[in-house]
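Down below is the structure, laid out as C-alpha cells.
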C-alpha cells in the first residue's frame with residue numbers, strides 16, 4: 001500500500017514510529033506537511049498540490065493534525081476523502097472531537113459518564129454557574145487549550161470567580177467542571193484502535209500538580225483497566241466516529257468519567273509505558289480496512 005502521514009514534523013516520535021511500522025510491513029510511506037498543501041477545488045476532479053506536484057495514488061492517509069491547525073488540516077483530510085482516499089480518522093470525526101463543547105454534548109447524549117460540566121462565555125451570574133457544577137473546588141478550562149494549557153484548579157469560590165472574570169475579560173469560551181478529588185491527580189489514557197483498547201496507561205501528575213499531562217512532568221505506567229473502563233473508552237471513540245483515539249478517563253466514586261477524546265494521540269508515552277507496538281496495530285487496522293472510496297463521508301460535512 002501507499003500511505004501518507006499528514007504531519008508537520010517528520011522527526012516527532014509518533015510520526016517516526018508510524019513510518020517505521022508501515023515500512024516494516026512492506027508499505028510505501030510518505031510524510032506530508034498538511035500546512036504546505038494547497039487544493040484545487042473543482043467539480044469532479046479534486047486535487048491536492050504539494051511542493052509543485054499533484055499528490056495522487058495514495059491508498060490511505062493517517063492524519064496527525066495538531067489542534068492549532070485543525071481548520072486547515074481537516075480541510076486537507078476532506079480533500080483526500082473527496083479523492084476517494086481512505087482516512088484512518090475522517091475529517092468530520094476529527095472536527096467533532098476537537099470541539100470540546102460538541103464532544104461532551106455528544107458523549108452526554110449517549111449516556112457516557114462525565115464530570116458535571118458548565119459551559120459559558122459571559123455568564124451573568126457566576127455564583128449560579130459554580131452552583132451548577134456543585135461549587136468549589138472546580139476546574140476551569142479554556143475550550144481552545146491543549147496539553148494542560150489554559151486549565152486552572154480553583155479551590156475556593158473567590159478564586160473561581162477571579163479566574164472566570166479573567167476569562168470573560170479575554171472574551172474566551174470556557175467550561176467549568178467538577179473537580180474529581182478521588183482521582184488524586186491521575187488519569188487513565190486508553191488507546192483505542194477500531195473497536196478495541198489496545199493499550200492503557202495510568203498518568204500521574206507530579207507532586208502538587210493536578211494535571212497529569214506527561215508534557216508537564218507527569219509519569220506513566222502500564223495499567224490494567226476494568227471492563228467498564230474498556231467499554232467506556234471504546235464507546236466514546238465510536239461516538240466521535242474515530243477509528244484511532246486516545247480516550248482520557250478519571251476514576252471517580254461513580255465510575256469512569258471521560259475527560260477528553262483525542263483524535264491524534266501521541267504514541268511515545270503509551271508505547272514506552274506498555275511496551276506495545278501501537279504503531280504496528282494502527283498500520284494493521286489500515287491494512288484490514290483501507291479500500292478505495294471506503295471513507296464513509298466522502299468529504300461531506
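Pairs, please: C-beta under 6 Å, at least 6 apart or cross-chain, first residue farther than 18 Å from residue 231 by Cβ and in region 93-112, second loosely packed, with under 13 Cβ neighbours inside 10 Å?
none
Would you say residue 196 is at pLDDT 85 or above, surrounded by fewer than 17 Cβ atoms within 10 Å (Cβ to Cβ) and under 21 Å from the mean Cα position of the chain (by Cα)?
Against the criterion (at pLDDT 85 or above, surrounded by fewer than 17 Cβ atoms within 10 Å (Cβ to Cβ) and under 21 Å from the mean Cα position of the chain (by Cα)), residue 196 qualifies.
Can you tell which of 299, 241, 279, 246 is touching a helix residue (DSSP H, G or I) at 6+ places or on another chain (Cβ under 9 Å), within 27 Å of residue 12 (Cβ to Cβ), crowded, with 16+ Cβ neighbours inside 10 Å and at pLDDT below 95?
After applying the criteria, what remains is 299.
Counting only residues that are under 11 Å from the mean Cα position of the chain (by Cα) and closer than 16 Å to residue 111 by Cα, how many does region 248-263 have?
Final tally of qualifying residues: 3.
Say we look at region 63-91 and pick out the residues that are within 13 Å of the chain's Cα centre (by Cα) and part of a helix (DSSP H, G or I); which of these is farthest from residue 3 (Cα to Cα)?
It comes out as 68.
Give region 25-36 a look and list any residue that's touching a helix residue (DSSP H, G or I) at 6+ places or on another chain (Cβ under 7 Å) and either free of Cβ contacts under 8 Å to residues at least 40 places away in the same chain or part of a helix (DSSP H, G or I) (or both), or say none.
29, 31, 34, 35
The values are calculated or read from the model by the stated rules, or taken from the named source; none is laboratory data. Just so we're clear, the structure is a prediction, and the values are computed from it rather than from any experiment. Heads up, the Cβs are rebuilt from the backbone with ideal geometry, glycines too, and the neighbour counts pull from every protein chain shown.
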